[in-house]
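The values are calculated or read from the model by the stated rules, or taken from the named source; none is laboratory data. Since the model is a prediction, treat every value here as computed from it, not as a measurement. Cβ placement follows ideal geometry from the backbone for every residue including glycine, while neighbour counts extend to all protein chains displayed. Protein only, heavy atoms only, side chains kept; ligands, DNA and RNA dropped before computing areas. Shrake-Rupley method; radii C 1.70, N 1.55, O 1.52, S 1.80 Å.
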Amino acid sequence: MTTTSTGASPSAAPTFEVEDELRARGARVVAGVDEVGRGAWAGPLLVCAAVPGEGAPPAGLTDSKRLTPKRRRDIAARLGPWVADHAFGWSEPAEIDEVGMTEALRRAARRALDGLTARPDAVILDGRHDFIGRPWRVRTQVKGDLVCVSVAAAAVLAKVRRDAFMAELDADHPGYGFDRAAGYPSPAHRATLAEAGPTPHHRLSWSYLDALPRWKHLRRHRVAPSTAGGGPGDEGEQLSLL
C-alpha cells in the first residue's frame with residue numbers, strides 16, 4: 001500500500017516538511033511527481049518528476065493553477081537551475097486511447113522517474129491515489145502542489161512544458177485554441193471540433209465525440225482495460241507514518 005497524508009495545512013508557500021520527514025526515515029533522494037493534461041480532449045498527458053535543490057526555492061512557487069501563465073514561465077525558468085534533477089514522461093493520445101488513463105498515467109510517471117539521474121528512494125505523488133505502483137515507494141499527498149516544494153516544482157515545470165508544446169501545435173491546427181486552452185474544453189475548441197472534427201492529436205476514446213453527430217463514428221471503445229505493468233491494486237511499498 002501507499003501512505004496518504006492529509007494532515008498538512010495547505011498554504012501559499014510549499015515547504016520541505018514532507019521531504020524532510022521522508023529523509024528522516026532514510027530516503028536520500030526524494031522526488032515530487034505531478035501530472036498535467038489528464039482532463040484534456042487533445043494533446044499528450046505529461047508527468048514531471050522533480051528532485052528539489054538545496055536552499056530556498058524560487059520566490060512565488062506554489063500550485064501552478066494559482067499562477068498566471070507569465071508567472072509560471074518566470075518561475076519555471078528559475079526552477080531549472082534550482083532543482084537538483086527533473087525529467088518528463090509523456091503518454092500520447094493514441095496510447096491513452098489504447099490503454100486508458102490509469103495505465104497511461106502509470107507509464108508516463110514511470111518514464112519520468114526512470115529519466116532521473118539518480119533513482120529516488122521515495123516519491124511524493126500529488127493526490128490521494130497511487131497510480132505508479134511497485135517498485136516505487138510512494139507517499140501520496142493531498143494538495144501536494146500546495147504543501148511540498150518538490151511536487152510544486154514538478155507541477156509548474158510540467159504545466160509550462162505542456163503549454164509550450166500545445167502552443168506549437170496551434171500553428172498547424174488553428175481554431176482549436178491549443179495556444180490558449182492547451183487542448184482542454186473551451187467554446188472555440190468545441191466549435192471547431194463540431195465543424196472540422198478531431199485532429200491527429202485528439203483522444204478518440206473520449207466521450208466528447210458522442211456529442212458530435214458528424215464525427216462520433218470515430219469514437220474508439222476499448223474492449224477491456226489494459227493491465228500491462230500491473231493492475232489497479234499494484235501499489236507501491238508502504239511508508240509508515242508512525
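Six or more apart or on different chains, Cβ under 7 Å: which pairs go from a residue in the range 53-70 that's touching a residue at least 60 places away in the same chain (Cβ under 8 Å) to one that's aromatic (Phe, Trp, Tyr) and surrounded by 11 or more Cβ atoms within 10 Å (Cβ to Cβ)? Could you list them?
That search, which allows pairs on different chains as well, returns Pro57/Trp82.
Only residues in the range 108-133 that are over 21 Å from Arg162 (Cβ atoms) count as the first member; pair them with residues that are open to solvent by 40 Å² or more (accessible area, probe 1.4 Å), Cβ under 7 angstrom, at least 6 apart or cross-chain, and list the lot.
Asp121/Arg28; Asp121/Arg137; Ala122/Arg137; Arg128/Thr4; Asp130/Glu235; Gly133/Glu235
Consider only pairs whose beta carbons are under 9 Å apart and that are at least six residues apart or on different chains; among these, list those whose first residue lies in the range 140-159 and is part of a strand (DSSP E or B) and whose second residue is among the polar types (S, T, N, Q) and surrounded by fewer than 24 Cβ atoms within 10 Å (Cβ to Cβ).
The qualifying pairs are Thr140/Thr2; Thr140/Thr3; Thr140/Thr4; Thr140/Ser5; Gln141/Thr4; Gln141/Ser5; Gln141/Thr6; Cys148/Thr15.
How many of the residues making up the range 58-90 are at pLDDT 95 or above, part of a helix (DSSP H, G or I) and open to solvent by less than 40 Å² (accessible area, probe 1.4 Å)?
Number of matching residues: 5.
Would you be able to say whether some residue in the range 91-107 is over 15 Å from the mean Cα position of the chain (by Cα), in a strand (DSSP E or B), crowded, with 18+ Cβ neighbours inside 10 Å and aliphatic (A, V, I, L, M)?
So far as the range 91-107 goes, no, none of its residues is over 15 Å from the mean Cα position of the chain (by Cα), in a strand (DSSP E or B), crowded, with 18+ Cβ neighbours inside 10 Å and aliphatic (A, V, I, L, M).
Checking Arg128 against (1) under 28 Å from Arg203 (Cα atoms); (2) out of contact with any Lys or Arg (no Cβ under 9 Å at 6 or more places or on another chain); (3) at pLDDT 95 or above, which test does it fail?
So the condition that Arg128 fails would be (3).
Filter the range 37-52 for residues that are in a loop (DSSP other than H, G, I, E, B) and either touching a helix residue (DSSP H, G or I) at 6+ places or on another chain (Cβ under 8 Å) or free of Cβ contacts under 8 Å to residues at least 12 places away in the same chain (or both); which is farthest from Glu168 (Cα to Cα)? I'd like the intermediate steps shown before the answer.
Step one: filter the range 37-52 for residues in a loop (DSSP other than H, G, I, E, B), giving 37-41, 43-44, 52.
This time we only want the ones that are either touching a helix residue (DSSP H, G or I) at 6+ places or on another chain (Cβ under 8 Å) or free of Cβ contacts under 8 Å to residues at least 12 places away in the same chain (or both), so: 37-38, 41, 43-44, 52.
Values: Gly37: 16, Arg38: 19, Trp41: 17, Gly43: 11, Pro44: 13, Pro52: 29 Å.
Among those residues, the one meeting the criterion is Pro52.
Those residues that are in a helix (DSSP H, G or I) and among the hydrophobic types (A, V, I, L, M, F, W, C), I need them from the range 171-193; list them, please.
Let us first name the residues in the range 171-193 that are in a helix (DSSP H, G or I), namely 171-172, 178-181, 187-193.
Scanning the range 171-193 gives Ala171, Phe178, Ala181, Ala188, Ala191, Leu193.
Could you grab me the full set of residues in the range 32-57 that are closer than 24 Å to Leu22 by Cα and either buried (at least 19 other Cβ atoms within 10 Å of the Cβ) or among the polar types (S, T, N, Q) (or both)? Walk me through it before giving the result.
Applying the first criterion (closer than 24 Å to Leu22 by Cα) to the range 32-57 yields 32-35, 47-57.
Gly32, Val33, Asp34, Glu35, Val47, Cys48, Ala49, Ala50, Val51, Pro52, Pro57, listed by residue number.
Could you tell me whether any residue of the range 134-156 is modelled with pLDDT of 95 or more, closer than 29 Å to Arg220 by Cβ and not β-branched (Val, Ile, Thr)?
No, that holds for no residue.
Which one is surrounded by the fewest Cβ atoms within 10 Å (Cβ to Cβ), of the residues in the range 108-135 that are assigned to a helix (DSSP H, G or I) and in contact with a strand residue (DSSP E or B) (Cβ under 6 Å, 6 or more places away or on another chain)?
Arg111
State all residues of the range 149-195 that are hydrophobic (A, V, I, L, M, F, W, C), buried (at least 17 other Cβ atoms within 10 Å of the Cβ) and more than 14 Å from Gly37 (Cβ to Cβ); if no residue qualifies, say none.
Once the filter is applied, which keeps residues that are hydrophobic (A, V, I, L, M, F, W, C), buried (at least 17 other Cβ atoms within 10 Å of the Cβ) and more than 14 Å from Gly37 (Cβ to Cβ), the range 149-195 yields Val149, Val151, Ala152, Ala153, Val156, Leu193.
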